[in-house]
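Below you'll find the structure, written out as structure tokens, and then a few comments.
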Amino acid sequence: MQVNHEKTVADRLEQKAIECFLPLLEKWSKRRDRRKRIQVPIFRGYLFVHEQLSQHRQVEILKVPGSVYILKGSLGPLPIPDWQIESLRSVLHAADTLQPHAFLKEGDWVRVVRGPFEGVTGILIRHKPKRGRLVVSIALIQQAVSVELNTEDVEPIKPLQVGS
């Protein structure tokens, strides 16, 4: 979709009863005479649609002004695993220190076993002893967010265990 049209597209899809998820991040914006908290999309130019995308439904989505493209493979629209979306939702609801993070392919896969992020699966990046950042990735669009946590609250898992 067109960058800076994410909220408008999400509103119009919801008006058409198409379930979508637009992850937003609150940040401070400088105005001429003041600062203001605003919500901005975490993944610029993307939102997530959760439903069976028949050919008719795809056309309906693409007719929405600002909607440009549906990510597809040779067999049709590419689904993002539910566990990736749920991990992202969990982090969004619980994190004060959420920030966009570069997409990572390498690193240790972990599952948080206690604390406010219990059950979240992601890649752990260590910065200091006992403190680290958990990266929750949406592989299909090569985007991610990270949150600071105590590394004692995670356990390593094999990539094949992700989402189970």
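Residue by residue, here is whether (1) in the same structural domain as Leu140 (by TED's automatic domain parsing); (2) of a type in the set (A, V, I, L, M); (3) part of a strand (DSSP E or B) holds:
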{"position": "Ala10", "(1), (2), (3)": "no, yes, no"}
{"position": "Tyr46", "(1), (2), (3)": "no, no, no"}
{"position": "Val59", "(1), (2), (3)": "no, yes, no"}
{"position": "Leu92", "(1), (2), (3)": "yes, yes, no"}
Check: Residues in the range 102-148 that are modelled with pLDDT of 80 or more and either part of a loop (DSSP other than H, G, I, E, B) or outside the structural domain of Ser87 (by TED's automatic domain parsing) (or both): how many?
Finding: 9
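The values are calculated or read from the model by the stated rules, or taken from the named source; none is laboratory data. Just so it is clear, the structure is predicted and the values come from calculations on it, not from any experiment.
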